[in-house]
1. Can you send over the carbon and sulfur percentage of the accessible area for the chain, probe radius 1.4 Å, protein chains only?
2. May I ask for the Rg/Rh ratio of segment 61-139, computed from Cα atoms with Rh as the Kirkwood radius, given to two decimals?
3. Could you give me D for segment 102-141, from Stokes-Einstein at 37 °C and 0.692 mPa s, where the hydrodynamic radius is the Kirkwood radius over C-alpha pairs? Units µm² s⁻¹, please.
4. Quick check on the chain: of the DSSP beta bridges with both residues there, what percent are antiparallel, nearest 5%?
5. At 1.4 Å probe size, put SER97, SER124 in order of accessible surface, largest to smallest.
6. State, to one decimal in nm, how far the label point of LYS11 lies from the label point of SER51, with both points 7 Å from Cα in the Cβ direction.
7. Based on the Cβ-Cβ distance from GLU153 to ALA68, what FRET efficiency comes out when R0 is 22 Å, to the nearest 0.05?
8. Using a 1.4 Å probe, what is the accessible area per residue for segment 3-103, in Å²?
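The values are calculated or read from the model by the stated rules, or taken from the named source; none is laboratory data. This structure is a prediction, so every number in the text was calculated from the model and none was measured. Note that each Cβ is placed from the backbone with ideal geometry, even for glycine, and that neighbours are counted across all protein chains shown. Ligands, DNA and RNA are excluded from the accessible area calculation, which covers all protein heavy atoms including side chains. Shrake-Rupley method; radii C 1.70, N 1.55, O 1.52, S 1.80 Å.
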Amino acid sequence: MLKLAQNKRVKISGDIELKDRLVGVQRVVKVTKGGRAFGFSAIVVVGDEKSIVGIGLGKSKDVATAIAKAIDAAKKNLVRVPIYKGTIPHEQAAKFSGSQVLIKPASHGTGVKAGGAMRAVLESAGVKDVLAKSKGSSNPHNLVKATLKALLELRDARTVAMQRGITMDQVFNG
């Protein structure tokens with residue numbers, strides 16, 4: 001996934017207005033000889049709802065700083081995903097750890113038919129109409145990463161034509 005993300009990285013400029021969505025906060029307990037030490041981990045998705053999205057994980061002793069760290073991490077990992085007429089260009093499946101996701105393009109007016117963690121990533125990316133299904137683990141960390149991996153593997157027609165060295169007409173008509 002890291003290799004895919006490096007090709008599509010986006011630099012933050014002042015004109016990009018990013019919105020953040022909190023996917024989940026987990027309480028982590030470490031048992032020490034002096035008692036229990038509580039910590040928190042937060043996973044956040046940021047995006048401009050116009051094809052730029054990023055995910056971040058933050059850990060801290062209190063919730064507010066964990067969320068702040070997650071937002072900063074997400075802003076450093078922004079990527080651009082292809083969106084065609086409010087949906088994705090083609091069907092795509094991806095797997096990260098125990099989570100598997102399947103995303104399909106949908107007709108106008110369908111909306112985002114996806115579960116919790118997937119919905120946050122797709123809406124932050126700016127996808128308006130999509131059908132999505134998650135299989136395997138429902139762990140939000142792995143689900144968010146699997147969804148982002150699926151979005152990074154998407155290619156629009158122009159990219160396919162450039163990679164194959166053919167015209168756009170040949171992509172569609174053979």
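1. Values: 5140 of 9950 Å².
Whole-percent figure for carbon plus sulfur exposure: 52.
2. Details: Rg = 14.3 Å, Rh = 13.9 Å.
That ratio equals 1.03.
3. Using the Kirkwood radius from Cα pairs, D works out to 317 µm²/s.
4. Around 95 percent antiparallel, to the nearest 5.
5. Working: SER97 75, SER124 0 Å².
Ranking SER97, SER124 by accessible area, largest first, yields SER97, SER124.
6. 1.9
7. Computed FRET efficiency for GLU153 and ALA68: 0.10.
8. 60
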